[in-house]
Amino acid sequence: MTVIRDLDLAVQEGEFVGVIGPNGAGKTTLFGLVAGHLSCSAGRIALSGRDVTHQRAEQRCHAGIGRTFQIPQP
């Protein structure tokens with residue numbers, strides 16, 4: 001099953017971007033893929049032109065990709 005298809009998203013430094021859509025549209029999956037909590041089966045994720053698709057979440061965090069949750073928990 002394909003959850004996210006044909007997405008091309010670029011966010012510039014200092015830019016704030018909102019992602020909206022109905023329940024089940026893939027928003028949470030998108031953030032999980034970008035942050036490294038989920039693995040991509042196709043495509044790539046890049047940070048400043050550097051491919052981070054296969055990096056673990058901890059490595060992406062050190063590179064500058066972070067994720068927060070609605071209800072923060074340690």
Given (1) surrounded by 10 or more Cβ atoms within 10 Å (Cβ to Cβ); (2) touching a strand residue (DSSP E or B) at 6+ places or on another chain (Cβ under 8 Å); (3) assigned to a loop (DSSP other than H, G, I, E, B), index of the condition HIS37 fails: (2)
Looking for something out of contact with any helix residue (DSSP H, G or I) (no Cβ under 8 Å at 6 or more places or on another chain), in a loop (DSSP other than H, G, I, E, B) and either modelled with pLDDT of 95 or more or surrounded by 14 or more Cβ atoms within 10 Å (Cβ to Cβ) (or both) - is there at least one such residue anywhere in region 57-74? no
Find all pairs meeting these conditions: Cβ atoms under 6 angstrom apart; at least six residues apart or on different chains; first residue within region 45-74 and touching a residue at least 24 places away in the same chain (Cβ under 8 Å) and under 13 Å from PHE31 (Cα atoms); second residue assigned to a loop (DSSP other than H, G, I, E, B) and of a type in the set (Lys, Arg). none
Report yes if ILE4 is in contact with a Leu (Cβ under 7 Å, 6 or more places away or on another chain), modelled with pLDDT of 90 or more and among the aliphatic types (A, V, I, L, M), otherwise no. no
Restricted to region 1-23, and to residues that are over 17 Å from GLN70 (Cβ atoms) and of a type in the set (Gly, Ala, Ser), which residue is surrounded by the fewest Cβ atoms within 10 Å (Cβ to Cβ)? GLY14
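The values are calculated or read from the model by the stated rules, or taken from the named source; none is laboratory data. What you are looking at is a predicted structure, and each value in this text was computed from that prediction instead of being measured. Glycine also receives a Cβ, built like all others from the backbone with ideal geometry; neighbour counts cover every protein chain displayed.
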